[in-house]
Amino acid sequence: MTQINSFKDLIVYQKAFKLAMDIFEITKSYPKEEKYSLTDQIRRSSKSVTSCMAESWAKRRYVKSFISKLTDSLGEEYETAL
């Protein structure tokens, strides 16, 4: 069994990070008129997924805080998917 020493070892974090990087690359080709609306929003929400995961990892000893940050991460994921 693999030992997890950091949130960066989590497969879900790795996939979310890769998705955020893919989104950044894809949105480079979006029209200029979308630069400050759609492009900015989807980039910020996709990066927030991993940020919330990192915060939840730091709070994993406190169940309610841990769950709250994971819930925030899920909300950001939903926002990215829209």
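Values quoted throughout were computed directly from the atomic coordinates according to the rules given, and no laboratory measurement underlies them. Nothing here was measured: the structure is a model prediction, and the numbers come from that model. As a convention, Cβ positions derive from the backbone with ideal geometry for all residues, glycine included, and neighbour counts pool all protein chains shown.
One table, with the values for the structure above:
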item: Residue selected from segment 3-29 under the condition among the hydroxyl-bearing types (Ser, Thr, Tyr) and surrounded by 15 or more Cβ atoms within 10 Å (Cβ to Cβ), by the criterion farthest from the chain's Cα centre (by Cα); result: 27
item: Within segment 61-82, tally of residues that are more than 12 Å from the chain's Cα centre (by Cα) and either under 15 Å from residue 38 (Cα atoms) or touching a residue at least 40 places away in the same chain (Cβ under 8 Å) (or both); result: 1
item: Criterion (over 15 Å from the mean Cα position of the chain (by Cα) and of a type outside the set (A, V, I, L, M, F, W, C)) met by exactly one of 47, 32; result: 32
item: When residues of segment 30-50 are limited to those that are surrounded by 13 or more Cβ atoms within 10 Å (Cβ to Cβ) and hydroxyl-bearing (Ser, Thr, Tyr), the one farthest from residue 77 (Cα to Cα); result: 30
item: Count of segment 52-79 residues which are in contact with a Lys or Arg (Cβ under 9 Å, 6 or more places away or on another chain), within 17 Å of residue 13 (Cβ to Cβ) and of a type in the set (S, T, N, Q); result: 1
